[in-house]
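Quick note: the coordinates plus some simple rules give every number you see, no bench work behind them. Predicted, not measured: the structure shown is a model, and the values here were computed from it. Glycine gets a Cβ as well: all are built from the backbone with ideal geometry, and neighbour counts include every protein chain shown.
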Amino acid sequence: MKKNHVEVWDNCLSVIKDNIHYQSFKTWFEPISPLKLDNNVLTIQVPSQFFYEWLEEHYISLLKKTITKELGSDGRLEYSIIMDSSTTNKEPYSIKVPTSNRKDTKNPAVAMPIDLNKGKSRDIPNPFIIPGLKKIKVQSQLVDSYSFERFIEGDCNRLARSAGYAVAENPGRTSFNPLYLYSNVGLGKTHLAHAIGLQVKNNFPNLTVLYVSTEQFMAQYIESVRNNNQNDFVHFYQMIDVLIVDDIQFLAGKEKTQDVFFHVFNYLHQKSKQIIISSDKAPVEMKGMEPRLLSRFKWGLAADLQIPDLETRIAILQKRIYSDGIDVPYEVIEYLAYSVTTNVRELEGALISIMAQSSLNKKAINLDLAHQMIDKFVKSTSKEISIDYIQKAVCDYFNLPVDIINSKTRKREIVQARQLAMYFSKKHTKSSLATIGMHCGNKDHATVLHACRTVNNLVETDKQFRVYVEELDKKIKL
Ligand code: ADP
Ligand code: MG
């Protein structure tokens with residue numbers, strides 16, 4: 001009897017589970033979902049490029065063994081990576097074949113599981129639709145974990161989120177059509193777009209929802225030109241009730257694809273179908289787009305997503321940890337949220353790295369481990385001045401161990417170092433007095449205020465002290 005992809009993967013998992021640490025299993029294997037089993041090739045979906053690389057680096061031999069056990073020696077494994085292509089110039093979906101020596105010669109853009117129309121195989125010339133066959137089942141390509149429920153609301157995303165929610169309640173019938181979401185990378189566009197799609201499907205099971213990356217759209221269009229069936233391509237898209245097109249900026253300079261998208265857009269819009277577009281820029285800042293297309297992007301609502309503030313970053317981490325079912329001390333969460341201020345993806349990346357470190361080295365997740373990780377991590381990403389960074393600079397300068405600032409000591413030199421850390425935190429970060437106090441020895445805001453006054457006074461009156469402050473200031477801003 002032939003097994004299907006779910007059974008095969010389940011069997012693999014049960015072996016894997018017995019062979020690795022529980023935490024590692026939770027971190028690296030539970031988030032994987034099996035997609036399909038075709039010709040002895042099992043395709044699994046992994047949440048990110050990082051994830052995929054991690055699996056390849058650490059679990060390849062285990063995976064190989066289990067796949068061979070399940071599928072025989074010619075069994076193969078392919079990955080489908082959910083990822084945002086705007087962060088990298090690499091092929092958007094890379095597929096590796098770790099369990100076979102055969103070279104994968106397929107073009108990854110073609111090999112990727114588009115599966116809009118289940119049978120994208122060589123003997124069906126039309127990969128999208130057979131005209132007239134309205135009952136075609138469209139796979140929405142939505143990722144279940146990108147739900148509204150898991151999308152944390154903050155000032156940074158309130159407008160976009162609530163507009164998205166309104167759209168999901170009433171697709172095509174609000175004035176948010178198209179809904180145009182824009183932000184820098186890693187701030188939740190893709191997540192929110194999926195959330196809208198999922199919610200629509202929930203509310204209106206009969207509507208056809210499709211999430212497509214702009215690159216997929218382009219690749220399909222090119223394929224349709226090659227096969228001389230552009231009409232089918234267009235017809236397919238005209239069937240969609242809620243069309244989500246991610247990272248539209250990739251259409252820049254692609255005149256032909258813009259043209260075809262323009263027609264699809266008009267058709268759907270006229271029929272009051274919902275269109276959701278994401279981009280890394282506001283419509284006015286987009287380059288290489290036809291004006292008539294750009295003007296349509298402005299018809300509905302353009303809503304941006306910003307970097308979440310500290311509280312929201314903490315909430316995002318907590319949610320993530322909660323849904324992963326892991327134990328991470330609050331101080332670690334807070335420390336991560338403090339240190340990684342660039343975007344949510346990097347924030348999650350830092351968390352994943354810590355979980356991975358902890359599970360691999362069988363070390364507890366604690367502040368120490370977090371410090372080590374962040375040292376490596378943040379240096380390569382951003383140089384935002386944080387309270388921790390300042391503390392470290394001050395302590396290095398006076399040759400003190402950094403955690404002494406948080407001790408109860410009232411020794412003069414330590415009190416002074418603590419006061420300097422507070423002073424510079426006030427000067428260089430946006431943190432409130434209360435927050436600064438909390439992070440410098442658990443003091444209250446009045447203590448911080450007092451520290452700032454003391455330092456200012458000393459700068460006025462003590463020449464040596466002034467030199468300290470000036471030198472330190474330079475060091476911190478470096
Ligand atoms: P973008 O498409 O803007 O580059 P993504 O939607 O891919 O960003 O988000 C990057 C990661 O951050 C995803 O794992 C996503 O789930 C997470 N994320 C972003 N914003 C939020 C949020 N408000 N709440 C929870 N998770 C978020
Ligand atoms: Mg994205």
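Once the stretch 234-283 is represented by equal point scatterers at the alpha-carbon sites, with solvent omitted, what log10 I(q)/I(0) does the Debye formula produce at q = 0.18, 0.20 Å⁻¹? Each listed q corresponds, in turn, to -0.56, -0.69. Note on the stretch 317-443: along the principal axes its Cα atoms extend 44, 28, 25 Å, ordered by decreasing extent. Relative to the longest principal axis of the chain, what angle (0 to 90°, nearest 10) does the C-alpha long axis of helix 344-361 take? For helix 344-361, the angle is close to 80 degrees.
To test your reading of the geometry: what angle, between 0 and 90 degrees and rounded to tens, separates the Cα axis of helix 60-71 from the longest principal axis of the chain? Roughly 30 degrees between the two axes. Placing unit charges on the Cβ atoms only, positive for Lys and Arg and negative for Asp and Glu, gives the chain a dipole magnitude near 200 debye about its Cα centre. With Rh defined as the Kirkwood radius, the inverse of the mean 1/r over Cα pairs, the Rg/Rh of the stretch 152-228 is 1.05. Averaging the sequence gap over all C-alpha pairs within less than 8 Å and six or more residues apart, then dividing by the number of residues, gives the chain a relative contact order of 11 percent. Remark: the stretch 188-203, residue by residue, has Karplus-estimated 3J(HN,Hα) of x, 4, 4, 4, 5, 4, 5, 4, 4, x, 4, 5, 4, 4, 5, 6 Hz, where x stands for each Gly or Pro and the curve is 6.51 cos²θ - 1.76 cosθ + 1.60 at θ = phi - 60°.
In plain terms, the chain from ASP324 to GLN372 could stretch by 15.0 nm, reckoned as 0.36 nm per residue minus the Cα-Cα distance. Convex hull volume of the C-alpha atoms in the stretch 387-476, normalised per residue: 81 Å³. For the stretch 387-476, the relative contact order comes to 28 percent (Cα pairs under 8 Å, sequence separation of at least 6). A protection proxy built from the mean count of other Cβ atoms within 10 Å ranks the segments 444-455, 387-398, most packed first, as 387-398, 444-455.
When each of the peptides 183-194, 349-360 is scored by how many other beta carbons lie within 10 Å of its residues on average, the order from highest to lowest is 183-194, 349-360. Any idea what the dipole of the stretch 148-304 comes to, in debye rounded to 20, about its Cα centre with Lys/Arg Cβ at +1 and Asp/Glu Cβ at -1? Result for the stretch 148-304 is approximately 280 debye, rounded to the nearest 20. Per-residue Cβ neighbour counts within 10 Å put SER386, SER407, SER61 in the sequence SER61, SER407, SER386, beginning with the fewest. Over the Cα atoms of the chain, the radius of gyration divided by the Kirkwood radius equals 1.04; this is the Rg/Rh ratio. Ordered by the number of other Cβ atoms lying within 10 Å of each residue's own Cβ, fewest first, ASP144, ASP280 fall into the sequence ASP144, ASP280.
For the chain, find the longest principal axis of its Cα atoms and tell me its angle to the long axis of helix 387-398, 0 to 90°, nearest 10. Taking Cα atoms only, the helix is inclined about 40 degrees. Dipole check for the stretch 8-76: with +1 at the C-beta of Lys and Arg, -1 at the C-beta of Asp and Glu, and the Cα centre as origin, the magnitude is about 120 Debye. Pairs of Cα atoms nearer than 8 Å and 6+ residues apart set the relative contact order; for the stretch 257-377 it is 18 percent. For the residue pairs LYS65/LYS362; LYS201/LYS430; LYS411/LYS474; LYS362/LYS475, the C-alpha atoms sit more than 30 angstrom apart in LYS201/LYS430; LYS362/LYS475. Annotation: peptides 335-341, 419-425, ranked by per-residue average of other Cβ atoms within 10 Å with the highest first, follow the order 419-425, 335-341. Dipole of the chain computed with +1 at Lys/Arg Cβ and -1 at Asp/Glu Cβ about the Cα centre; of TYR468, VAL200, VAL264, farthest Cα towards the positive end is VAL264. Mind running the shape call on the stretch 306-391? Use the C-alpha gyration tensor, a ≥ b ≥ c as the square roots of the eigenvalues: rounded below 1.5 for a/c, prolate if a/b tops b/c, oblate otherwise. It comes out oblate by the Cα gyration axes. Between the alpha-carbon centres of the stretch 151-213 and the stretch 340-371 there is a gap of 29 Å. Counting every alpha-carbon pair across the stretch 320-359, the share separated by more than 15 Å comes to 36%. If you look at the Cα atoms of the stretch 148-304, you get an Rg and a Dmax of 14.7, 48 Å.
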